[in-house]
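The values are calculated or read from the model by the stated rules, or taken from the named source; none is laboratory data. It should be emphasised that the depicted structure is a prediction, and the values quoted were computed from it without experimental measurement. Every residue, glycine as well, gets a Cβ built from its backbone with ideal geometry; the counts of neighbours run over all protein chains shown. For accessibility, only protein heavy atoms count, side chains too; no ligands or nucleic acids. Shrake-Rupley method; radii C 1.70, N 1.55, O 1.52, S 1.80 Å.
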Amino acid sequence: MTDLPRTVARVLDRALAERPDAVAVVARSGSLTYRELDDAARRAAGALTSIGVGVGDRVAACLPNDLDVVVAFHGAMRIGAIWVGVNAPLAPAEKAHLLADSGAGVLLTDDAVATQVETVRDGLPALRDVVVVRPSTGVDRWAELLAADEPAPDVDIDPHAPAGIAYTSGTTGLPRGVVHSQHNLLLPGAVLVAERGYDAGLRKGDCLPLTILNMMVLTTLLTAQAGGCCVVMDRRDAEGIAEWVRTERITVWNGVPAQLYDMARGGQVKPDDLSSLTEVWSGGGDCPDSLREAFADAFGIALRATYGLTEAPTVVAMDPVGTQWVRGASGRPLPHLLVRALDEAGEPMPRGELGELSVSAAEDGPWAGTWTPMLGEWRDGAVVAGPSGPLRTGDLGTIDSDGWLSVRDRRKLVVVRGGANVYPAEVERVLLTLPGVESAAVFGVPDDRLGERVAALVQPAAGSELSIEVLIEGCRAELAKYKVPDRWGVVPALPRNAMGKVIRPALPALLKEHAVDG
């Protein structure tokens, strides 16, 4: 077992002592050595302090994948602030909800999002400062704040205090904030470095948005503990990914099934483009066995399936290093975790039996007792602790006699579209506000490339005629693009049981019968 840094402020220490001039992070705008990253993080901590950020204050960031988001994150962690990632694809109303719910006092962002936020500023009383990073015109205030080199206070950071809020779509229709400590954020990287033998030769590339808290865990916090290099990729298309891998000689890269599908079946990416890779992880959704086989045939690389949770945070199970995998499985649980399948009473099921997957700390081995569950959910300016005991995932699955984990049914009713979670209740909430909609049901339909697409059945109000174009525009105004349904059906009535609940197993057949063009 490697030594776990006590806080994120200490995560660079070993590399600074052993390889201070080694490159720590590469991005579109340049690179930083460990010495330079440490200095930039120090300046960022001082910059945030100078605009009033202190321990427990929320710092929101809606920034592209580049050096700035990494530096700002490290700076916020050094002064005990709470990081709030806001994903750029979210609709303005969704961004505003995250800012309002978290009570963020400072937002670091670009010109476009700053303009969006100004239109709803009256609804964000806690937001006192919007700092535009690398503006297209005018003064770069963030650069000026960094250059001022203001001192930051010497904070005694509690590694188990709130450090990050990860918003995940909620079953009630509004995102909920999952809160993690610095200890939680550091642990997955420590485990992966030790268990997979990562060292200074690691060059890990990531193209998913670093405003996703799980991605911070799997980028700079992982590579720093290995003494390797974090490659922050700003393209998510197959050719762009291949260019980054080829140019930066990336050794480990993780993508979502839709990206892997495009790479394996599109024909634009050649085996030589990916010759530096020793591992490719598939995350963010089910990876069909057929895709794993196609990727291996195309590039000679065995995909490493994963199973992760925002609440964990990030990776819970993973295929081992090498080529071994089991059809339909998502790897084996990582050694700091105990994953069980439970019956309805919460009792462990026999090996191989289907039950609700639960996560708790490993009870033996070198990582025993190191894992702690999420601190709770962020509500009304504070953490509301969840129920005690194992983390109940809501996913149904099995653990076989050899420890392989297989997820048989996705959590609750979530639609996993191209690696992104879409909760039906969130889309239904918007649809019910649109003209002419009496009722709506949203669900996923299978798709070879994306895994699932978002489908909606709508029931018109009496005497109303629905316009799918109007519904699409209404959804686009309130939801991220990936959440907007692209399969539509108009039905006289939705099927319901005696309790008035929609009979969801009947929805796919109704879609076929009542499909309309969107």
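One table, with the values for the structure above:
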| read-out | value |
| --- | --- |
| Residue 353 accessible area, 1.4 Å probe, all protein chains in place, Å² to nearest 10 | 90 Å² |
| Dimensions (Å) - segment 207-285, Cα atoms, principal axes, largest first | 35, 25, 19 |
| Anchor residue 483: aspartates and glutamates whose Cα lies under 14 Å away (excluding residues fewer than 8 positions away in-chain) | 94, 426, 428, 452, 473 |
| Karplus-derived 3J(HN,Hα), 6.51/-1.76/1.60, for each residue of segment 352-365, Hz, glycine and proline x | x, 8, 6, x, 6, 6, 10, 10, 8, 6, 4, 9, 8, x |
| 19 Å reach of a label modelled at residue 368, 7 Å along Cα-to-Cβ, counting backbone N of segment 1-22 | 1-4 |
| Rounded to 5, percent antiparallel among DSSP beta bridges of the chain | 60 percent |
| By average C-beta atoms within 10 angstrom, highest first, the peptides 374-381, 458-465, 342-349, 39-46 | 39-46, 374-381, 458-465, 342-349 |
| Accessible surface of the chain [probe 1.4 Å, protein heavy atoms]: carbon and sulfur percent | 50 percent |
| For q = 0.10, 0.13, 0.21 Å⁻¹, Debye-computed log10 I/I(0) when each Cα of segment 346-476 counts as one equal scatterer | -0.54, -0.80, -1.23 |
| Listed residues 131, 245, 436: farthest to the positive end of the dipole of the chain (Cβ charges) | 436 |
| Gain in span if fully extended, residue 19 to residue 468, counting 0.36 nm per residue against the direct Cα distance | 155.8 nm |
| Neighbourhood charge, 10 Å Cβ-Cβ cut-off, centred on residue 230 and excluding it, Lys, Arg +1 and Asp, Glu -1 | +1 |
| Whole-Hz couplings from phi, Karplus 6.51/-1.76/1.60, listed for segment 426-440; x for Gly and Pro | 5, 6, 4, 4, 5, 4, 6, 8, 8, x, x, 9, 8, 7, 8 |
| Accessible area per residue, Å², segment 186-331 with all protein chains present, probe 1.4 Å | 30 Å² |
| Residue-span extension gain [residue 143 to residue 50] - 0.36 nm each, minus C-alpha spacing | 32.2 nm |
| Proximal lysines to residue 481, defined as alpha-carbon separation beneath 27 angstrom and excluding residues fewer than eight positions away on the same chain | 95, 412, 512 |
| Full-extension gain in nm, residue 278 to residue 111, via 0.36 nm per residue minus C-alpha separation | 56.3 nm |
| Amide N proximity, segment 48-76 versus residue 134 label position 7 Å along Cα-to-Cβ, cut-off under 20 Å | 48, 60-76 |
| Long-range amide H partners of residue 63 with built H, under 5 Å | 86 |
| Per residue Cα convex hull volume in Å³ - calculated over the chain | 157 Å³ |
| For segment 259-390, projected area of the alpha-carbon convex hull averaged over all directions, nm² | 11.1 nm² |
| Normalised per residue, the volume of the convex hull around the Cα set of segment 243-294 (Å³) | 75 Å³ |
| Rounded FRET efficiency, nearest 0.05, which uses the C-beta distance separating residue 477 from residue 379 and R0 of 22 Å | 0.25 |
| Residue 74 accessible area, 1.4 Å probe, all protein chains in place, Å² to nearest 10 | 0 Å² |
| Rel. contact order, % - alpha carbon contacts under 8 angstrom, at least six apart, the chain | 12 percent |
| Solvent accessible area, Å² - residue 476, 1.4 Å probe, full protein context | 140 Å² |
| Helical mean residue ellipticity (222 nm; -39500 (n - 2.57) per DSSP H run of 4+; nearest 500) of the chain | -8500 deg cm²/dmol |
| Amide H contacts of residue 371 (H built 1.01 Å from N, under 5 Å, at least 5 apart or other chain) | 362 |
| Pairwise FRET efficiency - residue 29 versus residue 289, Cβ, R0 = 35 Å, nearest 0.05 | 0.35 |
| Table column - 3J(HN,Hα) (Hz), segment 388-403, Karplus curve with 6.51, -1.76, 1.60, x for Gly and Pro | 6, x, x, 6, 8, 7, x, 8, 9, x, 10, 10, 7, 5, 9, x |
| Residues whose placed amide H lies under 5 Å from that of residue 231, excluding near-sequence neighbours | 26, 204, 205, 206 |
| By accessible area with a 1.4 Å probe, ligands and nucleic acids excluded, highest first: order of 128, 453 | 128, 453 |
